[in-house]
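Here is the structure we will look at, set down as structure tokens.
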Amino acid sequence: MRVNRATKRNINTLTEQVYSDLRSAIITGEITGGTRLVEASLALEMKVSRTPVREALHRLAVEGFLYSIPRSGYIVVEMSDYDIEDLFVTRLAIEQLAARLAVEKITPVELEQMGLNLKMTEEKIKDGHTEALTQLDVEFHGLIYKATRSKMLFHICKSLSDHSLKYRIALIHIPEFAQKTRDGHHEIFRAFLAKDKDKLEKAIDGHLKLAKEDILKMLEQTRHEMFLQEANGI
């Protein structure tokens, strides 16, 4: 019995590691949309048995990062313009709800952490260290999710945020986008300090709508550049 329990623990640990590695590669864009993932190939590449890979792939499919092709494996989801619109409509509604709860429960220590996050963001933009801005962006929003004191809401917000992360990574090195992100965070922070729910909802609305518009512009530009490359190759 002890062997069985130990084996189960090992499988669970491996599954979590495989899941974490694959999820990170997908949301950062290391594994691009449209990529086919095959259980046997991944198991060989990651040097694990097929069981943890199978369970990790299933979990990622449930979360919406993959879709299953019967007898052919999984495909990494590539988001269309409609999907982006849908994601941000949902994210806006959920994050405004989270903010209304968070503004009532956020602690002085958490507000101090938000202020420090903004200070570090300002320093990174000034120094041109844009590679650190994505993590600071994630941490800023994470402080709001955490302040809700709701495990369910935290996980929903985090999941929705992760679905757009690879696009934010692609944009964050652009000075204009980085500055707009910083400005949006400042507006949200000021609303938290004032405990003004109406101002907070407006700040989040403006911040997320700008992010959505920039992502859609980036996708349109990428498609245009791909078209020109293909046309020049003819």
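Readers should treat all values here as calculations from the given coordinates under stated rules, not as data from a laboratory. Computed from a predicted structure; not experimentally measured. Note that each Cβ is placed from the backbone with ideal geometry, even for glycine, and that neighbours are counted across all protein chains shown.
For the stretch 112-117, backbone phi angles converted through the Karplus equation (6.51, -1.76, 1.60; θ = phi - 60°) give residue-by-residue couplings of 5, 5, 5, x, 5, 4 Hz, Gly and Pro being listed as x. Under 5 Å between amide hydrogens, built in the peptide plane, is the criterion, and for Leu66 it picks out Ala61, Val77 among residues at least 5 positions away or on other chains. Each Lys or Arg adds one and each Asp or Glu takes one away; over the other residues whose Cβ falls under 15 Å from the Cβ of Ala147, this sums to +3. For Leu37, the residues whose modelled amide H falls within less than 5 Å of its own, excluding neighbours fewer than 5 places apart on the same chain, are Tyr74, Ile75, Val76. In sequence order, the stretch 152-162 has phi-based couplings of 4, 5, 4, 5, 5, 4, 5, 5, 5, 5, 4 Hz under the Karplus curve 6.51 cos²θ - 1.76 cosθ + 1.60, θ = phi - 60°, and Gly or Pro positions carry x.
Residue by residue, the stretch 42-52 carries 3J(HN,Hα) couplings of 5, 4, 5, 5, 8, 6, 9, 6, 6, 4, x Hz when phi is fed to the Karplus relation 6.51 cos²θ - 1.76 cosθ + 1.60 (θ = phi - 60°); x denotes Gly or Pro. By the rule of a C-alpha distance below 23 Å, with chain neighbours fewer than 8 residues away ignored, the lysines paired with Lys197 are Lys105, Lys146, Lys151, Lys158, Lys180, Lys209, Lys212.
Seen against the Cα atoms of the chain and their longest principal axis, helix 175-194 is set at about 60 degrees. Annotation: the residues Asp205, Asp162, sorted from fewest to most other C-beta atoms within 10 Å of their own C-beta, follow the order Asp205, Asp162.
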